[in-house]
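Asker: Pasting a structure below so you can have a look.
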Amino acid sequence: MEQSERQQLLRLGLLPEGYISPREERAVRDLRRRRSRLVQQHTANVLAVQNLLSRNRGHALSGNEIKRLTPEKVNALLPDANLALAVQSTLLAMRGQEAAIDLLEREACAQVRCQPAYRHLLTTSGIGQVLGLTILLETGPIERFARVGNYASYSRCVGSERLSNGKRKGRGNTKSGNKYLAWAYLEAANFAVRYNPRIKRYYQRKRAKTNGVVAIKTVAHKLARACYHMLREGSDFDVERAFA
């Protein structure tokens with residue numbers, strides 16, 4: 001599409017503009033995204049060490065056991081010097097990633113800790129410091145979502161199907177939306193089901209009628225809707241209202 005065509009569509013209101021976060025908010029949000037990428041790289045390194053030990057020793061260590069490995073323990077586990085050096089180099093990379101993850105998390109949290117919206121999010125079942133930080137920074141001003149359904153769709157918590165007379169005629173773009181919010185609400189749903197009895201009962205009723213994936217997505221959808229209303233109203237989480 002040419003520049004003149006885009007300008008014409010904008011004047012007619014046929015090409016909605018995307019939201020761009022303010023420069024200051026983008027900087028903090030990018031710190032959180034950088035932390036997320038470092039966590040993924042750290043997990044990949046843990047799995048690499050597990051696979052190497054499994055291939056050469058017949059059984060793997062847990063993630064916590066790998067994090068506690070020292071050069072002396074590695075040499076005892078792997079007499080081959082080359083294999084031991086491969087593991088030790090990976091452990092060195094993991095130590096650096098852990099320090100960077102801690103630094104980025106502390107700095108990002110320090111900049112949003114005083115915001116009332118952040119404190120409200122922390123009252124939600126399943127949402128802790130990291131997930132609250134993710135939801136707050138990736139959502140931006142809640143006023144840009146006219147309805148709760150718009151926010152749930154942006155968070156990838158609803159399906160996208162085209163129906164006609166009760167029959168499926170196709171699917172929409174299920175990747176449209178914010179992947180970081182989708183991850184945050186799914187993580188929150190898993191924690192909420194584990195630690196909140198009221199939400200756990202709701203999840204079990206849904207799972208009895210469908211499968212686990214759909215049931216946990218339903219919990220994530222409920223949490224997304226609850227967070228939308230909390231951010232708009234400036235209120236704390238009410239599990240009875242969210243899962244009535």
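The values are calculated or read from the model by the stated rules, or taken from the named source; none is laboratory data. Since we're looking at a predicted model, the values are computed, not measured. When we count neighbours, we look across all protein chains shown, and the Cβ atoms used for this are built from the backbone with ideal geometry, even at glycine. Surface accessibility is based on the protein's heavy atoms, side chains included, excluding ligands, DNA and RNA. Shrake-Rupley method; radii C 1.70, N 1.55, O 1.52, S 1.80 Å.
Asker: Give, in nm to one decimal, the length gained when the segment between residue 208 and residue 98 is fully stretched (0.36 nm per residue of separation minus the Cα-Cα distance).
Answerer: Gain on stretching residue 208 to residue 98: 35.6 nm.
Asker: Pop a pseudo-label 7 angstrom from the Cα along the beta-carbon direction at both residue 72 and residue 123 and give the gap in nm to one decimal.
Answerer: Computed distance between label sites residue 72 and residue 123 equals 5.1 nm.
Asker: Calculate, in nm to one decimal, what residue 4 and residue 85 gain on full extension: separation in residues at 0.36 nm each, minus their alpha carbon distance.
Answerer: Length gained, residue 4 through residue 85: 23.2 nm.
Asker: Given q = 0.11, 0.14, 0.16 Å⁻¹, what are the Debye log10 I(q)/I(0) values for the chain, with equal point scatterers placed on the Cα positions and solvent ignored?
Answerer: -0.78, -1.05, -1.18
Asker: Next question. Run through segment 36-78 and list the trypsin sites (Lys or Arg not before Pro) located in a DSSP loop whose Cβ has at most 11 other Cβ atoms within 10 Å.
Answerer: Loop-located and lightly packed - 68.
Asker: Okay, next question. Can you work out ³J(HN,Hα) from phi for every residue in segment 133-147, in order, using Karplus 6.51 cos²θ - 1.76 cosθ + 1.60 and θ = phi - 60°, giving whole Hz and x for Gly and Pro?
Answerer: Per-residue couplings from phi come out as 4, 4, 5, 5, 6, 7, 6, x, x, 5, 5, 6, 9, 5, 9 Hz.
Asker: Between residue 27 and residue 11, what is the spin-label point distance in nm, taking each point 7 Å from the Cα along the Cα→C-beta axis?
Answerer: Computed distance between label sites residue 27 and residue 11 equals 3.8 nm.
Asker: Which entries in 73/200; 179/200; 179/209; 179/206 show an alpha-carbon gap greater than 31 Å?
Answerer: Cα-Cα > 31 Å for 73/200; rest within.
Asker: Another question, if that's okay. Over the chain, give the accessible area per residue in Å² for a 1.4 Å probe, as an integer.
Answerer: Per-residue value: 60 Å².
Asker: I'd like the Karplus ³J(HN,Hα) series for segment 215-231: coefficients 6.51, -1.76, 1.60, θ = phi - 60°, whole numbers in Hz, and an x wherever there's a Gly or Pro.
Answerer: Once θ is set to phi - 60°, the couplings for segment 215-231 become 5, 6, 5, 5, 5, 4, 4, 4, 5, 5, 5, 4, 5, 4, 5, 5, 5 Hz.
Asker: Compute the distance from the alpha-carbon center of segment 61-117 to that of segment 183-225, in whole Å.
Answerer: Segment 61-117 and segment 183-225 have Cα centres spaced 31 Å from each other.
Asker: Tell me the mean residue ellipticity at 222 nm calculated for the chain from its helices only (DSSP H runs of n ≥ 4, each -39500 (n - 2.57), averaged over every residue, nearest 500).
Answerer: The helix-only estimate for the chain comes to -22500 deg cm²/dmol at 222 nm.
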